[in-house]
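The values are calculated or read from the model by the stated rules, or taken from the named source; none is laboratory data. The model shown is predicted, which means the values in this text are computed figures rather than measured ones. Virtual Cβ from ideal backbone geometry, glycine too; neighbours counted across all protein chains shown.
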Amino acid sequence: MGMTLLAGTSIVLLMTATELWIAADSRIIAIDQHVRTVESECKIQPIGGGVFYAQAGLLKDKAGHFDAASVAKRAAAANSSVLGAASEFEVRIAGPLISIVAELRGVNPGYFRSKIVGKRTLDVAFFGFDGGSPRIAVRSFTMYEREDGSLRTSVKRLDCPGNCPTGMTWAMLGEDEAINQFLDKNPRFLSKNGFKATLQKLIEVEARAKPDLVSLPVDILRISALGPEWVIAKSTCPSL
């Protein structure tokens, strides 16, 4: 079989009452009969109408049958609000995601059993300013296999404002175990070190813990009422 899936790994979002900060690692892995690093990629991108998008998990296949970012762009074109784009994405991505995972099951059943079934298969975030205030909408898709072999997805949602009890919210996409452990052990790291240094540190912590999945450099985007700006970015990150 000629199928090759590309997957990405670790993203951190931080929302305050006045701005958004988003950091992403650079590692892209390829999955077919084997798993290997193939390239680096900017995982944060504008998708139209002032909406931005970031993704981790199964991103696209090289044959062009599945491309989560392309679906996100079409969703934003159909509904230009952050929450609207996220809701539209849910509807549009379910079928293609199930189809590509079914294909992956045939190509690499070991990876399917160990990394896909019951796991977060795709994490995406839509974010930007709506009505003059920051907003994020995170969707995490988990894949399940029924007894008859058919596949289904469940979706976990985080919408802020909405599901956020305080003015500040963290959201993690992809690999985040080491990041969460670090935050638990260093609860005042952000207040002491600031946004840029904290986000860099969190991605570095995850990269040290899982060097086969997460790697530097870190890209960081800041969005305020004045607009978006790259704080740190690779040359492959899109112009704003």
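Provide a single number: the residues in the stretch 218-237 that are outside any strand (DSSP E or B) and either on the phi > 0 side of the Ramachandran plot or surrounded by fewer than 11 Cβ atoms within 10 Å (Cβ to Cβ) (or both). Before you say what the answer is, go through the steps one by one.
Of the stretch 218-237, the ones outside any strand (DSSP E or B) are 218, 225-226, 233-237.
Adding the requirement that they be either on the phi > 0 side of the Ramachandran plot or surrounded by fewer than 11 Cβ atoms within 10 Å (Cβ to Cβ) (or both) leaves 225-226, 235.
Selection size over the stretch 218-237: 3.
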Go through the residues of the stretch 225-240 one by one and say whether even a single one is in contact (Cβ under 8 Å) with a residue 24 or more places away in the chain and basic (Lys, Arg).
-> yes
Working only within the stretch 177-188, note down all residues that are outside any helix (DSSP H, G or I) and modelled with pLDDT of 95 or more.
-> Asn186
What pairs come up if the first residue lies in the stretch 70-85 and is on the phi < 0 side of the Ramachandran plot, the second is assigned to a helix (DSSP H, G or I) and among the polar types (S, T, N, Q), and their beta carbons are under 8 Å apart, counting only those six or more places apart or on different chains?
-> Asn79/Ser87
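Checking the conditions here, which among Arg146, Arg105, Arg113 is of a type in the set (Lys, Arg) and farther than 27 Å from His34 by Cβ? Full working, then the answer.
Values: Arg105 fails: farther than 27 Å from His34 by Cβ; Arg113 fails: farther than 27 Å from His34 by Cβ.
Unique residue meeting the criteria: Arg146.
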Kindly provide the set of residues from the stretch 11-44 that are within 20 Å of Pro217 (Cα to Cα), surrounded by fewer than 20 Cβ atoms within 10 Å (Cβ to Cβ), of a type outside the set (Gly, Ala, Ser) and touching a Pro at 6+ places or on another chain (Cβ under 9 Å), ordered by number.
-> Cys42
What do you reckon, is Gln33 within 17 Å of Val124 (Cβ to Cβ) and not aliphatic (A, V, I, L, M)?
-> no
Name the pairs whose Cβ atoms lie under 8 Å apart, with the first residue in the stretch 151-175 and under 19 Å from Leu20 (Cα atoms), the second among the charged types (D, E, K, R) and surrounded by fewer than 16 Cβ atoms within 10 Å (Cβ to Cβ), and 6 or more positions between them or separate chains?
-> Asn163/Arg157
Phe126: under 28 Å from Lys60 (Cβ atoms) and either among the hydrophobic types (A, V, I, L, M, F, W, C) or out of contact with any strand residue (DSSP E or B) (no Cβ under 9 Å at 6 or more places or on another chain) (or both), yes or no?
-> yes
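Select from the stretch 126-146 the residues that are assigned to a loop (DSSP other than H, G, I, E, B) and at pLDDT below 95 and list them in ascending order. Working first, answer last.
We begin by selecting, within the stretch 126-146, every residue assigned to a loop (DSSP other than H, G, I, E, B); these are 131-132, 146.
Correct list: Gly131, Gly132.
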Close pairs from the stretch 1-30: first within 16 Å of Leu213 (Cα to Cα), partner buried (at least 23 other Cβ atoms within 10 Å of the Cβ) and aromatic (Phe, Trp, Tyr), Cβ under 6 Å, at least 6 apart = none
Among the residues of the stretch 58-73, which ones are over 16 Å from the mean Cα position of the chain (by Cα), surrounded by fewer than 16 Cβ atoms within 10 Å (Cβ to Cβ) and not aliphatic (A, V, I, L, M)?
-> Lys62, Gly64, His65
Yes or no: Glu206 touching a residue at least 40 places away in the same chain (Cβ under 8 Å), under 26 Å from Asp159 (Cα atoms) and out of contact with any Gly (no Cβ under 7 Å at 6 or more places or on another chain)?
-> yes
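Table: residues versus (1) more than 17 Å from the chain's Cα centre (by Cα); (2) of a type in the set (Val, Ile, Thr); (3) on the phi < 0 side of the Ramachandran plot; (4) surrounded by 15 or more Cβ atoms within 10 Å (Cβ to Cβ).
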position	(1), (2), (3), (4)
Glu145	yes, no, yes, yes
Arg157	no, no, yes, no
Ala178	no, no, yes, yes
Lys192	yes, no, yes, no
Gln200	no, no, yes, yes
Val205	yes, yes, yes, yes
Ala209	yes, no, yes, yes
